[in-house]
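Let me begin by presenting the structure, written as structure tokens, before commenting on it.
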Amino acid sequence: MVYDGLPISSGGAHGLGRTSVHDAFSSWRGFLESCTVTDDVSYYFHLPHTPELEPARKTVREIRKAFPAKGHRFPVPQDRIHEALDLLASLEPLPTNPWGMAPVWLSADGAVRLKTPAGDIWPHQRPTAFGAFETPTGVSLGISRTSLHIEAKRSMGLRLSVPEATDDDLATLIPWLQDHLPFRLSPNHWTRWTLTKNGRTYRPHRLTP
């Protein structure tokens, strides 16, 4: 069973509304701590191409001084994430272009393993159990991922893989997840992937829980 969040055509992530830098992060971390085991999360500043708007030189200097660049990113060590949040908050309000895009982002991204509502780790969460199969939209069966993007807007990406989940499982799991998420799960993005008869690939079946 897969929840594919929102596709790139829909912005790729769920909006978190008008919330502060720190509250957006706290909501995301609260979900991770309640519903997942965190395997590998990275934090970083980045300066994406923003049509008709460049980041202020002073802003870039402050980020570069605090978090030296590696390639196109400015990695933030996990034990300094609150320092990074404070820095971003000090730069607000961030300038935006005519499409509401800001030139400075603080992001987090990583793989997680889902828990059950009882607090155990959901079984079979490993890609090798599914032949490393990846859906056309890039979800690897057996791997869940989440992301957080804080800029002028705040948004959270969520791609869940729930191996061998039955309809009864979803009836319990979805309300539990919803209680810990800062946005409304979409009923239109759940898919059950079943192994084909030849055992070589998986076939999708759309669900509306």
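The values are calculated or read from the model by the stated rules, or taken from the named source; none is laboratory data. Remember, it's a predicted structure, so these values are computed and weren't measured experimentally. Don't worry about glycine lacking a Cβ; one is built from the backbone with ideal geometry, like all the others, and counts go over all protein chains shown. Side chains are part of the model used for accessible areas, which takes the heavy atoms of the whole protein and leaves out ligands, DNA and RNA. Shrake-Rupley method; radii C 1.70, N 1.55, O 1.52, S 1.80 Å.
If you place +1 on the Cβ of every Lys and Arg and -1 on the Cβ of every Asp and Glu, how big does the dipole about the Cα centre of the chain come out, in debye to the nearest 20? It would help to have the intermediate numbers written out before the result.
Numbers: 23 positive and 21 negative charges, 113 e Å.
Computed about the Cα centre, the dipole is about 540 debye.
Using the basic label-point model (7 angstrom from Cα toward the beta carbon), what is the A118 to Q178 distance in nanometres?
Going by the 7 Å Cα→Cβ label model, 2.3 nm.
Under the rule a/c < 1.5 gives rounded, and otherwise a/b versus b/c splits prolate from oblate, where does the stretch 106-160 land using the Cα gyration tensor?
On the way: a/c = 3.21, a/b = 1.50, b/c = 2.14.
Oblate.
Just add up the charged neighbours of L195: K/R +1, D/E -1, any other residue whose Cβ is under 12 Å from the Cβ of L195. Before the final figure, lay out the partial values.
Details: positive: R192, K197, R200, R203; negative: E164.
Result for the neighbourhood of L195: +3.
Given 0.36 nm per residue, what is the gain on full extension from L207 to L53 after removing their alpha carbon distance, in nm? Intermediate results must be reported in sequence, preceding the final value.
Numbers: separation 154, 0.36 × 154 = 55.44 nm, distance 4.13 nm.
Working it through step by step, the gained length comes to 51.3 nm.
When the helices in the chain are scored as -39500 (n - 2.57) per DSSP H run of 4 or longer and the sum is shared across all residues, what 222 nm value do you end up with, to the nearest 500 deg cm²/dmol? Please list the in-between numbers first.
On the way: 4 runs with 49 residues, N = 209.
Taking each H run of at least 4 residues, the total per residue is -7500 deg cm²/dmol.
Which lysines have a Cα less than 30 Å from the Cα of K58, not counting those fewer than 8 places away in the same chain?
In chain and number order, the partners are K70, K153.
Taking only C-alpha pairs under 8 Å that are 6+ residues apart, what is the relative contact order of the chain in percent?
On the way: 366 pairs, mean separation 62.7, N = 209.
Relative contact order for the chain comes out at 30 percent.
Using the scaling law 2.2 N^0.38 Å as the reference, what is the normalised Cα Rg of the chain?
Details: Rg = 18.5 Å, N = 209, 2.2 N^0.38 = 16.8 Å.
Here the Cα radius of gyration is 1.11 times the empirical estimate.
What ranking of H189, H82 comes out by heavy-atom accessible area, probe 1.4 Å, highest first? Don't skip to the answer; put the middle values down first.
Numbers: H189 40, H82 110 Å².
Result of the area sort, largest leading: H82, H189.
Under 25 °C and 0.890 mPa s, how fast does the stretch 11-98 diffuse according to Stokes-Einstein, given a Kirkwood radius computed over C-alpha pairs? Answer in µm²/s, whole number. Numbers along the way, then the final one.
Details: Rh = 14.8 Å.
Translational D for this selection: 166 µm²/s.
On the accessible surface of the chain, probed at 1.4 Å, how many percent belong to carbon and sulfur atoms?
Values: 5770 of 11350 Å².
That share works out to 51 percent.
Would you mind giving the average projected area, over all directions, of the Cα convex hull of the stretch 113-209 in nm² with one decimal? Show your work: numbers first, answer last.
Values: hull surface 28.1 nm².
Mean projected area for the stretch 113-209: 7.0 nm², to one decimal.
Cross-link candidates for K115: which aspartates and glutamates have Cα within less than 13 Å, leaving aside residues fewer than 8 places away along the same chain?
K115 reaches E33, D39, D169.
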